[in-house]
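A short worksheet on the structure shown next.
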Amino acid sequence: MNKGLAGRSVYAFGDSIVYGHVYPRSFADLVAEQESMPLTKFARNGATIGADPHASGGQILAQIQEATDTAPDFVLFDGGTNDAQSIFRDRAYDVGSYAEELEKTLHTMKRKWPTAHLVYVTAHKLGSRDWDTQMALRKVTLQACRHWDVAIADVFGETTFDTRDDSQRATYTFDDLVDGFPGTEGSGTHPNMAGITTFYVPVVSAGLKQIALR
């Protein structure tokens with residue numbers, strides 16, 4: 001029987017796209033509210049999958065380790081956005097090291113919450129990151145998720161959200177708040193409310209509903 005999503009708990013881990021950047025609400029909040037799911041958000045701005053000593057948000061693995069042992073029904077998480085900078089710009093580690101840390105992260109979640117449904121949310125196509133690095137990270141991330149039976153809410157692959165297109169960058173991303181809310185004309189990384197509601201929420205919500213139907 002389909003239990004639906006209402007009342008089913010969700011934890012959210014990751015970087016500023018999950019946290020909200022300088023605004024404390026992200027796609028995770030909107031999906032949880034839309035589906036009446038209690039949300040606990042552990043994401044931190046600047047977080048990485050790989051171990052970069054200079055990453056302002058630390059490792060996503062640390063968020064998971066610090067979270068309660070009580071299993072949620074669902075886990076939403078992302079990664080790779082800041083790793084792309086750590087790898088390409090800072091040379092802090094390479095794609096192979098990222099893949100090893102991702103395996104450790106997925107294993108930790110599976111061991112800690114064996115009954116939870118894990119859902120990896122891909123970031124949109126980023127004009128603010130090196131494209132070849134994005135593609136390399138995407139390849140190893142999708143491989144690992146499939147290996148660990150982690151569902152994929154594929155904003156990158158299933159939507160047209162692409163901030164290499166300057167008009168999309170300007171319309172759908174923000175860096176700063178305007179009158180307390182996300183503005184426009186961002187760098188291409190952080191989706192504003194239009195970016196979230198147009199691209200992220202439909203994909204993530206559909207992914208959760210598909211799992212609930214099983």
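Only a single item in (1) under 13 Å from the mean Cα position of the chain (by Cα); (2) hydroxyl-bearing (Ser, Thr, Tyr); (3) at pLDDT below 95 is not met by Thr81, and it is number (3). Restricting Ala151, Ala170, Ala144 to those that are of a type in the set (Gly, Ala, Ser) and closer than 15 Å to Ala123 by Cα reduces the list to Ala151. Scanning region 144-200 for residues that are in a helix (DSSP H, G or I), touching a residue at least 60 places away in the same chain (Cβ under 8 Å) and in contact with a Ser or Thr (Cβ under 9 Å, 6 or more places away or on another chain) returns Gly195, Ile196, Phe199, Tyr200.
Counting only strands (runs of 3 or more DSSP E) that sit wholly inside region 1-118, those with at least 1 residues that are surrounded by fewer than 17 Cβ atoms within 10 Å (Cβ to Cβ) are 39-41. Close contacts from region 41-53, counting a first residue that is more than 15 Å from Ala67 (Cα to Cα) and a second that is hydroxyl-bearing (Ser, Thr, Tyr) and surrounded by fewer than 21 Cβ atoms within 10 Å (Cβ to Cβ), with Cβ to Cβ under 8 Å and a gap of 6+ residues or different chains, come to Asn45/Ser56; Gly46/Ser56; Gly50/Tyr93; Gly50/Ser97; Ala51/Tyr93; Ala51/Ser97; Asp52/Tyr93. Checking each residue in region 120-179 for being under 15 Å from Phe27 (Cβ atoms) and more than 16 Å from the chain's Cα centre (by Cα) picks out Tyr172, Phe174.
Look at region 85-101: where a residue is β-branched (Val, Ile, Thr) and a partner is part of a loop (DSSP other than H, G, I, E, B), sitting 6+ places away or on another chain with Cβ atoms under 8 Å, you get Ile87/Gly50; Ile87/Tyr93; Ile87/Asp94.
The values are calculated or read from the model by the stated rules, or taken from the named source; none is laboratory data. Computed from a prediction, not measured in an experiment: that's the story for all the values here. Cβ sites come from the backbone with ideal geometry, for glycine too, and all protein chains shown count toward neighbours.
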